[in-house]
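Worksheet: one structure, shown below.
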C-alpha cells in the first residue's frame, strides 16, 4: 500500500503528474489509480488504499469539486485527520472542507523546489512521519518537516436525554423530542462528531457520572438538561460539561411560552456550538436549519408517531393516523409528509394486490416534503427509498447521496445507502455502508437493519452468515421467514426450510414468489433470479 493517496478528477491528470513526481522524488510512494480499468475491483481497491494511506492529497479544481468520488474521499480523509488539500484556478471548495488550510497552486508554481511545493511536501511529510515513526522526515532539500497542519480536529460531544422532572409519562416523548432535535441540529455541523440518539439514550433515567459517560462514549463534551411544561409555559435548563475535568463550561435556563419552543431550541444549539467553536466563522449554508412547523400540536403528533414501533401493526396504524393529523393541522410541515410517505410505501409493499396507488401517493408525499424543506436529510433519504421501489435507480442514488451530504452523521441515512447498494447490484459495497452505520452508532439495531444485512449476505451466497443476521430479529414476519426459508433450502436444511415456509404462510397466507419479486427492486436480473430460485427451492408458492 502507498504512503499517500491522491484524489483528483481524471481531466486534471496533466496537473497531477508533476505533483506525483515531486512527492515520489521526496521518497514517498503514491497511489493515484492511473491504470485502473473497468472490470477490476475498483471500489474495493480504492477503499483499501484509502484505509492504508498515511495522507490523502486532494486536488481541487472546477472539475473535481463536482466529482462525488473526490468529495467523498476528501470527507473520509478529513474524518481521519489526514487531509492535505491543494487548489487550482480558485475553485470554489465544498462547504465541508472550507475550514481546512488549502494550498493554492497554478501552473507556474509546480516546480518541485518552489515554496508552495515545499509547503505541500512539509504537510504530507508530517503525516507520513507521524504514521511511520516519531523520527523527523526530511524533504529532498534536507529541511526538517514540522508537525502536521491539516484541518481542525472534530469535537466529540453527546447530548444526554433531557429529564422530565414532572414525571408525566405523556410528556416524556416531548422531552425526548427536544433532545433528538438538538442532536440533529448539532450533527449538521461538520466540525462536530455527535454521538447518536441510541448511544445517548441508553443513559435515560440514570444518575450518571459524566466522566464515566465520556469514557464509554469517547467524547470530550456532554450536554444535559431538563424540560418542564407548566400549562402554557415552558422551562428548559441545559448545561455544557467538559467531561475531561467534570467542570461546567456553560449553563442556561430558558423560560418561554410553550409556542416559542423552536426559538429556544435554536438558541441552545447556537450557544453550545458558539462556546465550542470560539471565533470560528461558520456560514449560514453550513448550518442549514430545519424549518419548524407553524403549529405546535402538529409537531407533537409527529414526535409521538415517530416514537411508535412501526414493525407492529398497531404501532404502524397509529403512527400513520398521527402523521395524517399533523398534516391536517399544519399543511406546511415537511417532516410529517416525509414520515407519512414512508408509511404509505410500507403499506404498498405489504399489499397483496397489484395496484401502485399507495406507492404513487408515497412518491407525491415525499416530493412535497422536499418542496417544503429541502434541508432535511430524512426527507431525501425517504424519497430515495421510494424512488428505489419505483425502480428509478438514478434518482435513488441522487437523493440518497444528498441525504448523506446534508447529515453525514446520520446512521439511518448511511444504512439506507446500504439498502440502495444492495438493490443496485453492489452487495459488497452495501456491507461497507452497513458497517459504517454501526461505526457511527454502535447501538444502532432497528429490525430492518439486520434483515437488510442478511438479505445482502444471501445475495452474496453467504447463507450461514445471512441466517445469523436474521437471528437478531425479535419477530419473524413473512418477509424474513421467506428469506430464511431460501437460505435453509440452499444449505439443504430440510426441517428448518419447512418450518420457515410454514411461518411465512402463517403470517401471509396469500404469499407468492411472483408477487414478492414485484416488491423487491433488484436492478440486476441475476440477483432477482437468484432470490426467486432460492424461494422455489424452499417450496414456497410460485
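The values are calculated or read from the model by the stated rules, or taken from the named source; none is laboratory data. Computed from a predicted structure; not experimentally measured. For neighbour counting, all protein chains shown are included, and Cβ atoms are generated from backbone atoms with ideal geometry for every residue, glycine included.
Points worth noting:
- The requirement of being outside the structural domain of residue 390 (by TED's automatic domain parsing), in contact (Cβ under 8 Å) with a residue 12 or more places away in the chain, closer than 28 Å to residue 360 by Cβ and surrounded by fewer than 19 Cβ atoms within 10 Å (Cβ to Cβ) is satisfied by residue 519.
- Some residue of segment 240-253 being on the phi > 0 side of the Ramachandran plot, in contact (Cβ under 8 Å) with a residue 24 or more places away in the chain, more than 20 Å from the chain's Cα centre (by Cα) and outside any strand (DSSP E or B): yes
- Within segment 490-518, the set of residues being under 24 Å from residue 385 (Cβ atoms) and either outside any helix (DSSP H, G or I) or in contact with a helix residue (DSSP H, G or I) (Cβ under 9 Å, 6 or more places away or on another chain) (or both) comprises 504, 507, 508, 511, 512, 513, 514, 516, 517.
- Here residue 342 passes the criteria (1) surrounded by fewer than 20 Cβ atoms within 10 Å (Cβ to Cβ); (2) at pLDDT 95 or above; (3) more than 27 Å from residue 70 (Cα to Cα) except the one numbered (1).
- Any hit, segment 412-419, residues being outside the structural domain of residue 529 (by TED's automatic domain parsing), within 24 Å of residue 354 (Cβ to Cβ) and part of a helix (DSSP H, G or I): no
- Taking (1) within 21 Å of residue 460 (Cβ to Cβ); (2) in a helix (DSSP H, G or I); (3) in contact with a helix residue (DSSP H, G or I) (Cβ under 6 Å, 6 or more places away or on another chain) in turn, residue 521 satisfies each apart from (2).
- Number of the condition not met by residue 385 [criteria: (1) part of a helix (DSSP H, G or I); (2) touching a helix residue (DSSP H, G or I) at 6+ places or on another chain (Cβ under 6 Å)]: (2)
- Residue match in segment 443-454 (condition: crowded, with 24+ Cβ neighbours inside 10 Å and out of contact with any strand residue (DSSP E or B) (no Cβ under 9 Å at 6 or more places or on another chain)): yes
- For segment 360-381, the criterion of a residue being crowded, with 20+ Cβ neighbours inside 10 Å and not in a helix (DSSP H, G or I) is satisfied by at least one position.
- Members of segment 494-510 that are closer than 17 Å to residue 464 by Cβ and buried (at least 18 other Cβ atoms within 10 Å of the Cβ): 497, 500
- Segment 396-419, residues that are within 18 Å of residue 519 (Cα to Cα) and over 13 Å from the mean Cα position of the chain (by Cα): 396
- Candidate set: segment 524-542, residues that are over 30 Å from residue 397 (Cα atoms) and part of a loop (DSSP other than H, G, I, E, B); chosen: the one modelled with the lowest pLDDT: 542
- Of the candidates 63, 33, 43, the single residue that is at pLDDT 85 or above and assigned by TED's automatic domain parsing to the domain that holds residue 86 is 63.
- Residue within segment 305-313 that is buried (at least 20 other Cβ atoms within 10 Å of the Cβ) and either closer than 14 Å to residue 366 by Cα or not assigned by TED's automatic domain parsing to the domain that holds residue 383 (or both) present: no
- Residue in segment 9-27 that is over 17 Å from residue 125 (Cα atoms), within 33 Å of the chain's Cα centre (by Cα), at pLDDT 80 or above and in a loop (DSSP other than H, G, I, E, B) present: yes
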